[in-house]
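What follows is calculated from the coordinates using simple rules that are stated; it is not laboratory data. As the structure is a computational prediction, the values presented were derived from the model and not from experiment. Positions of Cβ are generated from backbone atoms using ideal geometry, with glycine treated the same way; all protein chains shown enter the neighbour counts.
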Amino acid sequence: MFYFHLARNQRRNELLHQQHKPGADQQPTNASLQSQRMAKCKNCCKSLTTFIFSRVGLCLLVVAYAFGGGVVFQFLEGPHEGAVTEVVQRRLHITVEKLFNTSEHAKVLYQTNWTSMARRILEDYQQELVRQTKRGYQGERVDDDGNSAKQWNFAGAILYAITVITTIGYGHITCKTSYGKIVTMIYAIFGIPLMLLCLANIGSTMADAFRFIYCHVCCSYCNMVKKRRNLRALQSVELSHNPPSTSATSESLPGLSTNATEAPPSTNVVEFVDNFNMDYRKTTIPISVTLSLLSSYLILGAILFSEWEGWRFLDGAYFCFVTLATIGLGDLVPGKSITSTQVEGKLVICALYVLFGLSLMAMCFNLMQEEVRAKFRRLGNKLGIIDDPNFW
């Protein structure tokens with residue numbers, strides 16, 4: 001006790017001595033403030049990084065990346081598309097004027113001479129049209145006021161950006177300028193890994209949500225039947241461990257305690273209760289359910305796009321399958337037809353259909369992977385290859 005008081009007094013004297021030193025308290029305070037600021041900065045950076053790479057942050061980052069790409073590509077390719085369309089329209093007016101002048105100045109209109117001159121004029125226009133098509137002309141309609149339905153509008157640019165980062169690549173519109181091609185390569189280098197990471201996280205989250213719905217909603221009847229079966233088995237187990245002769249035996253032998261006849265709880269009872277209270281994350285979804293879900297989404301998209309574009313149902317289903325499988329042949333694209341109306345709205349809905357469909361594909365692949373693992377695990381247990389039930 002004496003040594004304790006001595007050490008405490010010595011520590012107090014040292015603190016008082018440090019307080020009387022000039023500038024002794026100022027230097028540690030500045031250092032501590034700087035360390036606190038550094039710690040706050042590190043915590044902020046850590047929190048920002050955690051949010052960005054979280055599920056919600058990744059979704060927002062992908063959406064912002066797609067919108068940013070749409071803005072950039074529209075800025076790079078929009079003026080070029082307008083210039084090409086203007087050249088084609090100007091050449092068309094010149095061609096029409098030449099044909100009119102040929103007919104007007106001819107004193108005698110011979111079919112052979114007029115046909116020969118008209119063919120030369122139309123061949124010149126055809127060659128110019130081919131040159132402008134290579135530069136990016138897509139046959140846009142132009143009204144009387146000179147306004148054309150542009151392919152590189154904001155919705156079309158967003159769809160192009162999404163097809164780049166999802167590796168679908170329809171090819172219905174492509175960058176024709178040098179800057180557009182360079183930006184596309186850089187955009188894909190960073191966008192494709194980001195999209196794959198986002199799809200992996202969203203797929204696992206949607207798989208957990210679907211397991212929860214399947215376990216608590218779709219299988220409610222199955223759980224009720226299983227509960228009744230488990231309760232019957234529980235009653236049979238209790239009767240087997242507590243026979244009716246136990247009470248008579250205890251009454252005839254007063255020296256024995258009644259607790260001696262009680263059996264320990266059976267492992268079967270615990271197994272029944274554990275099976276009934278199983279976590280929904282351990283529930284495996286049948287492959288038939290996931291395939292039915294994918295088929296329903298494909299059929300819904302086929303009906304939607306076939307009604308909009310005037311396609312056959314087979315063409316709509318073909319487009320949806322090629323899109324969600326990231327094949328992207330590009331022979332059928334919504335809004336590509338010259339007679340299409342409300343092109344921007346269709347492109348936006350097509351982009352949403354692609355994003356949600358790819359997330360649904362990732363979810364179904366996750367569920368099917370777990371189901372296949374569970375089947376092989378059960379097969380290995382039956383064959384004696386796998387002893388640990390939690391293996392794999």
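Key figures for this structure:
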item: In the range 287-375, chymotrypsin sites (Phe, Trp or Tyr not before Pro) in a DSSP loop with at most 14 other beta-carbon atoms within 10 Å; result: none
item: Cross-link reach list, lysines versus Lys150, counting only Cα pairs under 16 Å and skipping chain neighbours closer than eight places; result: Lys176, Lys336, Lys346
item: Whether the range 84-208 is rounded, prolate or oblate, judged on the alpha carbon gyration tensor where a/c under 1.5 counts as rounded; result: prolate
item: Residue order, fewest to most surrounding Cβ atoms within 10 angstrom, among Lys336, Lys134; result: Lys134, Lys336
item: Taking Ser103, Ser359 and counting other C-beta atoms within 10 Å, the order from fewest to most; result: Ser103, Ser359
item: Sites Asn381 and Thr133 - FRET efficiency at Förster radius 41 Å, r taken between beta-carbons, to 0.05; result: 0.05
item: Around Leu48: net Lys/Arg minus Asp/Glu count, Cβ-Cβ under 13 Å; result: +3
item: Table column - 3J(HN,Hα) (Hz), the range 323-330, Karplus curve with 6.51, -1.76, 1.60, x for Gly and Pro; result: 6, 5, 7, 6, 6, x, 5, x
item: Within-12-Å neighbourhood charge of Gln132 [Cβ basis; K, R +1; D, E -1]; result: +2
item: Nearby lysines by direct alpha-carbon distance to Lys282 (threshold 20 angstrom, same-chain neighbours under 8 apart not counted); result: Lys226, Lys227, Lys375, Lys382
item: Residue exposure sequence - Ser306, Ser296, Ser204 - by fewest surrounding Cβ within 10 Å; result: Ser296, Ser204, Ser306
